[in-house]
Amino acid sequence: LVIEKAEDAHPIGAVIYREMDWKNRHVAIEVIIGDEAARRQGHGGESFYAATEYAFCELNAHKIFCYVYSFNEASLKLVRMGGLHEDVILRKSVFRNGAFHDNIIFSLLDREFPKLAKKAGMAKKLGL
């Protein structure tokens with residue numbers, strides 16, 4: 001799914017659903033803000049929340065999860081503020097800029113989503 005700026009519909013990134021498992025009702029969510037000028041303006045957080053809402057409310061997911069590189073401070077802050085649970089650290093599994101870094105897997109269960117919706121100010125809209 002393409003992420004566009006609301007004011008001019010300029011594409012700035014993408015939301016990708018990966019590893020969809022219909023039987024076990026879980027899906028990985030990846031948010032990429034490719035336009036460097038659009039980073040650190042809240043677009044990633046808005047997009048991640050919208051993707052999470054869609055996964056739980058439309059896809060009937062039981063769990064969403066995401067992979068975050070240990071050097072991606074903005075994404076780490078986002079998932080921690082959102083109340084996602086740190087499940088696994090894949091130690092030194094990503095090679096970037098001449099060094100190995102951890103890849104951390106975070107998750108959120110459907111029963112935990114109302115808390116995230118409340119933080120995002122969306123609980124009333126969703127009837128939670």
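The values are calculated or read from the model by the stated rules, or taken from the named source; none is laboratory data. As the structure is a prediction and not an experimental result, all values here were calculated from the model. Methodologically, a virtual Cβ is constructed for each residue, glycine included, from the backbone with ideal geometry; neighbour enumeration extends over all protein chains shown. The protein model used for the area step is the full one, side chains on, heavy atoms only, and it has no ligands, DNA or RNA in it. Shrake-Rupley method; radii C 1.70, N 1.55, O 1.52, S 1.80 Å.
For segment 34-52, the condition of being assigned to a helix (DSSP H, G or I) and modelled with pLDDT of 90 or more holds for at least one residue. Take the conditions (1) within 16 Å of residue 117 (Cβ to Cβ); (2) part of a loop (DSSP other than H, G, I, E, B); residue 29 misses just one of them, which is (2). In this entry, residue 112 is excluded by the filter for residues that are surrounded by fewer than 14 Cβ atoms within 10 Å (Cβ to Cβ), out of contact with any His (no Cβ under 6 Å at 6 or more places or on another chain) and at pLDDT 90 or above.
Looking at segment 37-55, which of its residues are in contact with a strand residue (DSSP E or B) (Cβ under 7 Å, 6 or more places away or on another chain) and without any contact (Cβ under 8 Å) to a residue 60 or more places away in the chain?
We begin by selecting, within segment 37-55, every residue in contact with a strand residue (DSSP E or B) (Cβ under 7 Å, 6 or more places away or on another chain); these are 38-39, 43-44, 47-48, 51-52, 55.
Correct list: 38, 39, 43, 44, 47, 48, 51, 55.
Residue count for segment 64-93, restricted to those that are over 12 Å from residue 108 (Cα atoms) and assigned to a loop (DSSP other than H, G, I, E, B): 3.
Tell me, please, whether a residue that is of a type outside the set (Phe, Trp, Tyr), open to solvent by 40 Å² or more (accessible area, probe 1.4 Å) and over 29 Å from residue 6 (Cα atoms) can be found in segment 78-85. Yes. Taken as a whole, the structure leaves residue 68 outside the set of residues that are open to solvent by less than 30 Å² (accessible area, probe 1.4 Å), in contact with a His (Cβ under 6 Å, 6 or more places away or on another chain) and of a type in the set (Val, Ile, Thr).
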